[in-house]
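A.B. asks: First the structure, which I've put down as structure tokens, then a few questions once you've had a look.
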């Protein structure tokens, strides 16, 4: 069993958004951590001290990745997909069947390579 949460995020010296979940079963929610005040931004006019958040039943899930990290994660996944799909080429001679299959694999790799991101740009 893991130790109870102390109310602090991973890397409390960094500002950023984090996923917290209340023990009452609600879905995880994003909360902003302010390292200067060492408080969670709970509401527009409300802040939560770490010990209050932990004592009130919140559990720490993880840090929310920033847009640059998400873009890198997408690119890394596309690279893995290209490699995995590219390994499916048929090496033995099946004539036109092999040629057609391998053409499909090459098209799939090309399609993965040029997938646009959310803003419509190729990444």
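Each reported figure results from applying straightforward, stated rules to the coordinates on display, with no laboratory input. Remember, it's a predicted structure, so these values are computed and weren't measured experimentally. Neighbour counts run over all protein chains shown; Cβ positions are idealised from the backbone, glycine included.
A.B. asks: Based on alpha-carbon centroids, what's the gap between segment 101-115 and segment 19-48 in Å, whole number please?
C.D. replies: If you average the Cα positions of each part, the centres end up 43 Å apart.
A.B. asks: Let me ask something else. Using the beta-carbon distance between residue 97 and residue 70 and R0 = 35 Å, what value does 1/(1 + (r/R0)^6) give for FRET efficiency, to the nearest 0.05?
C.D. replies: 0.30
A.B. asks: From Cα coordinates alone, what are the radius of gyration and Dmax values for segment 67-113 in angstrom?
C.D. replies: 13.7, 46
A.B. asks: Rounded if a/c is under 1.5, else prolate if a/b is larger than b/c, else oblate: which is segment 40-85, with a ≥ b ≥ c the root eigenvalues of its Cα gyration tensor? Please report the intermediate quantities before stating the final value.
C.D. replies: Numbers: a/c = 6.31, a/b = 2.89, b/c = 2.18.
Here segment 40-85 falls in the prolate category.
A.B. asks: Same structure, new question: Let me have the relative contact order for the chain, percent, based on Cα pairs under 8 Å that are six or more residues apart.
C.D. replies: Computed value for the chain: 21 percent relative contact order.
A.B. asks: Once both axes come from the Cα atoms, what is the angle between helix 96-113 and the longest principal axis of the chain, in degrees from 0 to 90, rounded to 10?
C.D. replies: With rounding to tens, the tilt is 30 degrees.
A.B. asks: Taking Cα atoms, how many degrees apart are the long axis of helix 67-86 and the longest axis of the chain, rounded to 10 and kept between 0 and 90?
C.D. replies: On a 0 to 90 degree scale, this one is about 30.
A.B. asks: Sum -39500 (n - 2.57) across every DSSP H segment of at least 4 residues in the chain, then divide by the residue count to get the 222 nm mean residue ellipticity, nearest 500. Intermediate results must be reported in sequence, preceding the final value.
C.D. replies: Working: 3 runs with 44 residues, N = 123.
Only helices count here, giving -11500 deg cm²/dmol.
A.B. asks: For the chain, what's the radius of gyration and Dmax over Cα atoms, in angstrom?
C.D. replies: For the chain, the Cα radius of gyration and maximum Cα-Cα distance read 22.8, 70 Å.
A.B. asks: Considering the Cα trace of segment 16-63, what is its radius of gyration and what is Dmax, both in angstroms?
C.D. replies: Gyration radius and largest Cα-Cα distance of segment 16-63: 10.0, 30 Å.
A.B. asks: Between residue 108 and residue 37, what is the label-point separation in nm under the 7 Å Cα-to-beta-carbon projection?
C.D. replies: Output for this residue pair reads 5.1 nm.
A.B. asks: Anyone know which of 48, 86, 95 comes out most mobile in the 10 Å Cα GNM of the chain?
C.D. replies: 95
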